[in-house]
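No lab work stands behind these numbers, since they all come straight from the coordinates. Predicted model, so just to flag it, every value in this text is computed and none were measured. Every residue, glycine as well, gets a Cβ built from its backbone with ideal geometry; the counts of neighbours run over all protein chains shown.
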Amino acid sequence: MKKLSLRPSPAMIVACVALFVALGGTALASVIISSNSQVARNTISGHNPPSGKHANIIGDSISGGDLSPALMSSLRLHCPSGLYRAADLCFDPNPRSDLTMANALKTCALDQMRLPSAGELALVFDHVGAPQIPEWVDTEAASVTDQQVHFWGTTLEQDASRVLSFGALGPAQAAPFRCVTSAAN
């Protein structure tokens, strides 16, 4: 009968040491290197490396000026065809035909857009300028009377003095609406 030995073999010791070195090496490097002066010149660089004594890339050392001009010019917000832009919001330039709020929500969703919030519609009104008739916003309201729940859709309008006011319409009533989406790169 062979006696069981609890002593590790030399190969096992070498394998364990190699494992610990491999696991700890990159973690140790990220802790030790904290400034450009700790890295040899031109050891780490990108497309447009920073200038100076040490042209290396260290965490939080890159700014917009370090990006290539071609990339910078491509990073502009734009709207899908047919929509206008207000800040980072794309919107229908004209209200769409009257629909119930449920159908307006569905129409915008089918176009991969949404009804605007009250703040977004106010921004749209500010960009189109003229007085605006009541249009749907994405907010619903409910009231309870005689133990019945009544749902209302919320509208927003702007008068000639540019004063905004809210309104409410029942679920079967129709109003014009605009669809909005976020501007994309």
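Worth a mention:
- Whichever residue in segment 175-185 is surrounded by 16 or more Cβ atoms within 10 Å (Cβ to Cβ) and either touching a Cys at 6+ places or on another chain (Cβ under 6 Å) or not aromatic (Phe, Trp, Tyr) (or both) and, among such residues, is nearest to LYS106 (Cα to Cα): CYS179
- Residues located in segment 160-185, provided they are more than 15 Å from ASN103 (Cβ to Cβ), part of a loop (DSSP other than H, G, I, E, B) and out of contact with any Ser or Thr (no Cβ under 8 Å at 6 or more places or on another chain): ALA160, SER161, ARG162, VAL163, ALA183
- Flag for ARG162 being surrounded by fewer than 14 Cβ atoms within 10 Å (Cβ to Cβ), closer than 24 Å to ALA87 by Cβ and either out of contact with any strand residue (DSSP E or B) (no Cβ under 8 Å at 6 or more places or on another chain) or in contact (Cβ under 8 Å) with a residue 60 or more places away in the chain (or both): yes
- Just so you know, in segment 85-115 the residues that are over 24 Å from the mean Cα position of the chain (by Cα) and part of a strand (DSSP E or B) include one that is surrounded by the fewest Cβ atoms within 10 Å (Cβ to Cβ), and it is SER97.
- Qualifying positions in segment 63-84 - within 16 Å of the chain's Cα centre (by Cα) and surrounded by 14 or more Cβ atoms within 10 Å (Cβ to Cβ): CYS79
- Residue in segment 118-159 that is surrounded by the fewest Cβ atoms within 10 Å (Cβ to Cβ), counting only those that are assigned to a helix (DSSP H, G or I) and of a type in the set (Val, Ile, Thr): VAL128
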